[in-house]
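In what follows, a single structure is set out as structure tokens and then discussed.
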Amino acid sequence: MSDESLVPGRRPPIEVTSRAAQVTLYEDRAEVVRRARARLPAGISWVLVSGVTVLLDDASLVAGGRPGGGAGQGPESIRVVAARVLRRAVTIGPEEVRAAELDVQAAERRRDQAERALKRAQAAEERGATLGERWIAALERGPRGVREEGAQWRAAWQAIARAHTRALDEQGACRAELERAEHDLGRAQLRLVQVRTAEPRYEAAVEVQVEAAEAVEAELELRYRTPCALWRPEHLARLVPRSEGAPEGQGPGQGHDLVIRTLATVWQRTGEEWRDVVCRCSTARPSQGSTAPLLTDDVLYLRRKSEEERRTVTVEARDEVVAAAALERGARAVDEMPGVDDGGEPLVFEVGRPVSLPSDGQPVRLEVAEVALPCEVDLTAYPERSPAAYLRATALLVGKTPLLAGPVTVARGSELVGRGKLGFVAPGESFELGCGVDDGLRVRRRVDERRDTQALTGTQRIERTVTLYLGNMSGSPRRLTVVERVPVSEIGDVEVEVVSAGGAQVDADGFARFQVTVGPQKTAELVLVYRISAASKVQLAL
């Protein structure tokens, strides 16, 4: 690429190759630090640094330099004056096409020679077989019992057999040579097709103008950003019991540790070689705007309700997500939880050892953090969503590093039990994590509904009876929490009344929680009854 940067009266640039020393990955790009060494003469010179990607963001390029060593060389002995990115398209020239054509012709000649050699070997083998048949026929017609003639016949047969064996061996060698020649010919023809139809290959380099007070060995550093590289957090959570032999699901008395290993899943397709680099993963967003946007006018208009809208109120059921910064149960170390994913401050996770990241677009997982937390373990069931009971671990995150949101692979001991999702967990916040299904418990749900309307007032009533059947098929008792939902009204014309809670605790969000213990090889039944009442003008779409 040096020919693109030459101007009359200027010395040719010094061409050097750089290597990636450090990579900082963001959610949609990467910042790369590359270093190169060059021997600079006194005065101003240009250095052409290769190895960078063509996707390099020109505006983010920052070049620097310092002496590479030696006595009496201070930082002021060299100065970077300017830097720019050069790109070019490399096309296949006619000389390369001609070379590919010559390779095809040579492969064809070799294939023809192998075919002729194989035909000669086949003719020699056929000649040996014919001589053997004639020898047998002549032996049958010759006189018998003469010892001197028998020795001559035996020597002739041995000569014919040796010649026939050599012909067979040569025929096998010729077949192998023909196969190799045909394989080489196919590769040469494919190479010729690729050369004739090849698209231009794009290359990039950074040209740096450096001023040196004296001849010096310098180390140049390039810092820039590039797309086609990113990272995402992923976790591996392992539930480890402290005491062996205690049955699972017996609550916090058993004692467990939740070991969470945070992994950075990295992808890169920049075209660069990142070998033995210092890798860092950051939650910062350098592409995000730093200035608050201006607000425009938000105009509200009035509209009269129609007669039908004033007479009728339509009520529909919908699922409402209850947002909570922390769990109602479990310990808390702080009163308020941050509301952003990274706690309001960019986080940086550094891999503990140099790594190599190939430019193939395939994921590479790197371990960036690990924490072991004491946790409480219990069983919980949501019969409306699943007939199984799930093991749930509740832990308090200690330390200064939060857990980022991402997929989590869950294991109990040495066995993988499934995959799930982990939300953002701030330091000092309690969180819960599902740890798989308890195969010894089953839950079945049945809903009975009765509707009626008052004759005089027109009041509508819907009474629902939810019956839950629990079965413990294991040989040990199981204590679990069963969660059922009760509708919550948002308007005064609709009332919801819990007729019979069946021992459950119903909170303001409509969640009814049963605390129940099921003995070994036993069953249990839970009943929840609630009533929905609505005025006559309400149209219930339930």
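The criterion of at least 3 residues that are within 30 Å of Thr467 (Cα to Cα) is met by the following strands (runs of 3 or more DSSP E) wholly inside the range 345-439: 364-381, 388-396, 415-422. Residues that are within 13 Å of Leu25 (Cβ to Cβ) and assigned to a loop (DSSP other than H, G, I, E, B) were ranked within the range 273-296; the one that is most open to solvent (accessible area, probe 1.4 Å) is Arg285.
Specify which of the listed residues (Leu56, Leu131, Leu102) is out of contact with any helix residue (DSSP H, G or I) (no Cβ under 6 Å at 6 or more places or on another chain), open to solvent by 60 Å² or more (accessible area, probe 1.4 Å), not charged (D, E, K, R) and not in a strand (DSSP E or B). Before the answer, list the steps.
Numbers: Leu56 fails: open to solvent by 60 Å² or more (accessible area, probe 1.4 Å); Leu131 fails: out of contact with any helix residue (DSSP H, G or I) (no Cβ under 6 Å at 6 or more places or on another chain).
Going through Leu56, Leu131, Leu102 in turn, just one is out of contact with any helix residue (DSSP H, G or I) (no Cβ under 6 Å at 6 or more places or on another chain), open to solvent by 60 Å² or more (accessible area, probe 1.4 Å), not charged (D, E, K, R) and not in a strand (DSSP E or B): Leu102.
Applying the condition of being in contact (Cβ under 8 Å) with a residue 24 or more places away in the chain and among the polar types (S, T, N, Q) to the range 403-446 and asking which residue is farthest from Val483 (Cα to Cα) yields Thr409. Candidates are the residues of the range 401-427 that are touching a Leu at 6+ places or on another chain (Cβ under 9 Å) and of a type in the set (Ser, Thr, Tyr); the one that is least open to solvent (accessible area, probe 1.4 Å) is Thr409. Residues in the range 388-400 that are of a type outside the set (A, V, I, L, M, F, W, C) and surrounded by fewer than 16 Cβ atoms within 10 Å (Cβ to Cβ): Gly399, Lys400.
For the range 73-99, give me each residue that is closer than 19 Å to Ala38 by Cβ, modelled with pLDDT under 85 and exposed (fewer than 14 other Cβ atoms within 10 Å of the Cβ). Residues satisfying the conditions are Gly74, Pro75, Glu76. For the range 239-272, a residue qualifies if it is open to solvent by 80 Å² or more (accessible area, probe 1.4 Å) and either in a strand (DSSP E or B) or modelled with pLDDT of 85 or more (or both), and the qualifying residues are Arg261, Arg269. Restricting the search to strands (runs of 3 or more DSSP E) fully inside the range 469-542 and requiring at least 1 residues that are closer than 18 Å to Ala388 by Cβ and open to solvent by 60 Å² or more (accessible area, probe 1.4 Å) gives 478-485, 511-518, 523-534.
The residue list Tyr224, Tyr202 contains one member that is aromatic (Phe, Trp, Tyr), surrounded by fewer than 20 Cβ atoms within 10 Å (Cβ to Cβ) and in a strand (DSSP E or B), which is Tyr202.
Tell me, yes or no, whether the range 447-461 has at least one residue that is polar (S, T, N, Q), farther than 28 Å from Ala535 by Cα, out of contact with any Leu (no Cβ under 6 Å at 6 or more places or on another chain) and not in a strand (DSSP E or B).
Restricting attention to the range 447-461, the residues satisfying the condition of being polar (S, T, N, Q) are 453-454, 457, 459-460.
Keeping just the survivors that are farther than 28 Å from Ala535 by Cα gives none.
No, the range 447-461 contains no residue that is polar (S, T, N, Q), farther than 28 Å from Ala535 by Cα, out of contact with any Leu (no Cβ under 6 Å at 6 or more places or on another chain) and not in a strand (DSSP E or B).
Inspect the range 180-194 for any residue being open to solvent by less than 30 Å² (accessible area, probe 1.4 Å), among the hydrophobic types (A, V, I, L, M, F, W, C) and out of contact with any helix residue (DSSP H, G or I) (no Cβ under 7 Å at 6 or more places or on another chain) and give the result as yes or no.
Filtering the range 180-194 for residues open to solvent by less than 30 Å² (accessible area, probe 1.4 Å) gives 181, 185, 188, 192.
Narrowing further to those that are among the hydrophobic types (A, V, I, L, M, F, W, C): 181, 185, 188, 192.
Then keep just the ones that are out of contact with any helix residue (DSSP H, G or I) (no Cβ under 7 Å at 6 or more places or on another chain); that gives none.
No, every residue in the range 180-194 fails to be open to solvent by less than 30 Å² (accessible area, probe 1.4 Å), among the hydrophobic types (A, V, I, L, M, F, W, C) and out of contact with any helix residue (DSSP H, G or I) (no Cβ under 7 Å at 6 or more places or on another chain).
The values are calculated or read from the model by the stated rules, or taken from the named source; none is laboratory data. From a predicted model like this one, the values you see are computed outputs, not experimental measurements. With ideal geometry, Cβ positions are generated from the backbone for all residues, glycine too; neighbour counts draw on all protein chains shown. Ligands, DNA and RNA are stripped out before the accessible areas are found, and what is left, the full protein with its side chains, is counted by its heavy atoms. Shrake-Rupley method; radii C 1.70, N 1.55, O 1.52, S 1.80 Å.
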